[in-house]
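Step one of this worksheet: look at the structure below.
Bear in mind that the values in this text are calculations on the coordinates, not laboratory data. Since the structure is predicted, the reported quantities are computational estimates derived from the model, not experimental observations. Cβ: placed from backbone, ideal geometry, glycine included. Neighbour counts: every protein chain shown.
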Amino acid sequence: MSPDTIVSTARLPGAAASDLALARAAVAALYDELRAYPKPGLVSTIDSGAHADMDYALMCRSADSLLQPFASLAAAGRASASFEAALMPLGIEAEGRMLAATGGVNTHRGAIFSLGLVVAAMAHAADRFSALSPAMVRAGLRRQWGAALERHALRGATASSHGADVRRRTGLDGARREAALGFPSIFEVGVPAYSRALASGLDDNAACIQTLFVLMEAVDDTTVLYRGGVDAGLFVRRAAGDFLAHGGCNRGDWQAEAERLHHAFVARNLSPGGCADLLAVTIFVVRCCTTTMR
């Protein structure tokens, strides 16, 4: 089922049209990330990558389940609601919906956190300005929820999550610290890379893959680190850097090279799931800001 169909058939009592539009854009971004191929180690329409417990259909059900939660997060952001009292409980509710839809498989937990926060920030900014830029959305997020996200990051050291486990084992920070800093990987890495890719003439699929590789080179992906440790993280960064250094998606045989890396990642049981989440948020930000500035 496509995001457009979901929105036309879903019954969301009390949801404002603007909140529904943002929720639809968020779900569409998850679909765009999911359909992109070849993505090293990640689920797509072609195969399940390095995920024995996931496939394309399951990921679609997961994305579909998040429409209502994203609309609620947009409404909370528009109302400048508290992170602790509103956004966190809504995120927990979203996780519950996801797990119910997937039979307990954690498909989009990272995306719920990062994309959910940016949906709230986008709604917060859109309610105050007629035209948006990525910098405005980021500034609003930091101004409205920065202190709370900093507290959340400090509590992360004792949390029960893959990110917290990675931080204890490697000293490398994960999504909580990224959020407290206003998502630099999205706004300083992903958004410029995706915008450049589109401006260079790459089609939507190639622009997604190009941006994913830029993120893979720049980000300490906690999904990779959890599965394979620091050595796996270095392998992913080097593989992405080599791909980009040889032309990335602007080279004629980029698809064959990306597919070769996909199989290499699967053989190592590696999946840059954190970067996939960042890619989805990047797509959402660029699309929403471009739309409001037309």
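Here are the numbers:
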read-out	value
Sparse-neighbourhood loop sites, chymotrypsin sites (Phe, Trp or Tyr not before Pro) in the stretch 39-138 - DSSP loop, at most 13 other Cβ within 10 angstrom	Phe129
Dipole axis of the chain (+1 Lys, Arg; -1 Asp, Glu on Cβ), positive-most option in Phe113, Gly228, Gly241	Phe113
Estimated FRET transfer efficiency when R0 is 30 angstrom, pair Leu234-Arg155 (beta carbons, to 0.05)	0.55
Exposure proxy order (Cβ contacts within 10 Å, fewest to most) of Ile209, Ile283, Ile46	Ile46, Ile209, Ile283
The stretch 64-123: relative contact order in percent, alpha carbon pairs under 8 Å with at least 6 residues between	50 percent
Using alpha carbons only: equivalent-ellipsoid semi-axes of the stretch 71-148, gyration tensor based, whole Å	24, 12, 10
Cα centroid separation - the stretch 97-141 against the stretch 48-94, whole Å	8 Å
Cα-based helix-to-principal-axis angle, 67-78 vs the chain, degrees rounded to 10	60 degrees
Counted charge near Thr211, where neighbours are those whose Cβ lies closer than 15 Å (Asp, Glu -1; Lys, Arg +1)	-4
Cα→Cβ-extended label distance, 7 Å offset, between Asp53 and Arg196, nm	3.7 nm
Karplus (6.51, -1.76, 1.60) ³J(HN,Hα), θ = phi - 60°, over the stretch 57-65, in Hz, Gly and Pro reported as x	4, 5, 5, 5, 4, 4, 4, 4, 5
For the chain, alpha-carbon Rg relative to the globular expectation (2.2 N^0.38 Å, N residues)	0.93
Dipole-positive endmost among Asn205, Ile46, His263 within the chain (Cβ charges, Cα centre)	Asn205
Total charge dipole magnitude, the stretch 3-292, about the Cα centre, Cβ charges on Lys, Arg, Asp, Glu only, Debye to nearest 20	660 debye
Acute angle (nearest 10 degrees) that the helix 17-35 long axis makes with the longest principal axis of the chain, alpha-carbon atoms	10 degrees
Selected from Ala26, Ala139, Ala276, residue furthest toward positive end of dipole (the stretch 3-292; charges at beta carbon)	Ala139
